[in-house]
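This report concerns only the one structure given below.
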Amino acid sequence: MAEEFRTEEEQVEALKRWWQENGKSTIIAIVLALAGSLGWQSWQQRTSDQAEAASTVYQSMLDAINVSGGGVASADQEVTVRHLADTLKADFSGTTYAHFAALHLAKLAVNEEDLITAEAELRWVLNSGPDADMQRVVQLRLARVVAAAGDPDSALAMLRGEKVGAYSAAYAEAEGDIQQQLGNVDAALEAYQRAAALQLESGVTAPTLDLKLQAIAQSRES
């Protein structure tokens, strides 16, 4: 019994020595682990709340767009849509909802022939960290806007040298359109033919591209 007691006393003393040597660092490690866990949970909650709020605003914007039932939007509807889109850009700039809002504003600007505003909206999306697919779509639209604004050379530079994957045919077709704008019929034909080949590879057909190729063929025959 005495031997057992002595052993227990030794164990207690050993624990005391260990605590004196390691206790503070253990507490710090536990506190840091708890803080990290709580911080991660808090960040996840904030991210979830932000995404939900952005989704609500975006849905309100879509409702305002669709309220005309496909007709011409009223002035009040336009104001509402623009206000909600600007809210998404200002308060939720890192979300896909904000990117789509800016794309809609760019579309409105193009419809109004305000190419400066359209370009600014598209560049805003590119500068706000879109994913790869969004970036390729925006770059394509930006090239068309820049070309329409009178700078086809810069537009062509935007379309070249990009790894665009599934968007290769669309990029090639846009290149053909811009070459047509420049009066470079041979370059336009080459770009259109490349676009047609890429579409064939992907199993996608576009009647508009066929019409463009036919138009070039007819112009050469006349």
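The values are calculated or read from the model by the stated rules, or taken from the named source; none is laboratory data. All of these numbers come straight from a predicted model, not from anything done at the bench. Cβ placement follows ideal geometry from the backbone for every residue including glycine, while neighbour counts extend to all protein chains displayed. Note: areas computed on protein heavy atoms with side chains; ligands, DNA, RNA excluded. Shrake-Rupley method; radii C 1.70, N 1.55, O 1.52, S 1.80 Å.
Structure data summary
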item: Spin-label proximity, GLU52 to the range 88-104 - amide N less than 20 Å from point 7 Å beyond Cα toward beta carbon; result: 88, 91-98
item: Gained length - ARG82 relative to THR205, 0.36 nm times residue gap less alpha-carbon distance; result: 40.8 nm
item: For the range 167-222, alpha-carbon Rg over 2.2 N^0.38 Å; result: 1.05
item: Fraction of accessible area attributable to carbon and sulfur, the range 102-222 (%, probe 1.4 Å); result: 51 percent
item: Relative contact order (%) - the range 76-214, alpha-carbon pairs under 8 angstrom, separation at least six; result: 13 percent
item: Globularity index of the range 91-222, i.e. its alpha-carbon radius of gyration over 2.2 N^0.38 Å; result: 1.12
item: Protection proxy ranking of 194-204, 149-159 - average other beta-carbon atoms within 10 Å, highest first; result: 149-159, 194-204
item: Calculated diffusion of the range 80-158, Stokes-Einstein form, Kirkwood radius summed over Cα pairs, 4 °C and 1.567 mPa s, µm²/s; result: 104 µm²/s
item: Student exercise, the range 144-198 dipole from Lys, Arg, Asp, Glu Cβ charges, in Debye to nearest 20; result: 180 debye
item: Extension reserve of the ASP153-THR117 stretch, reckoned as 0.36 nm per residue once the Cα distance is removed; result: 11.0 nm
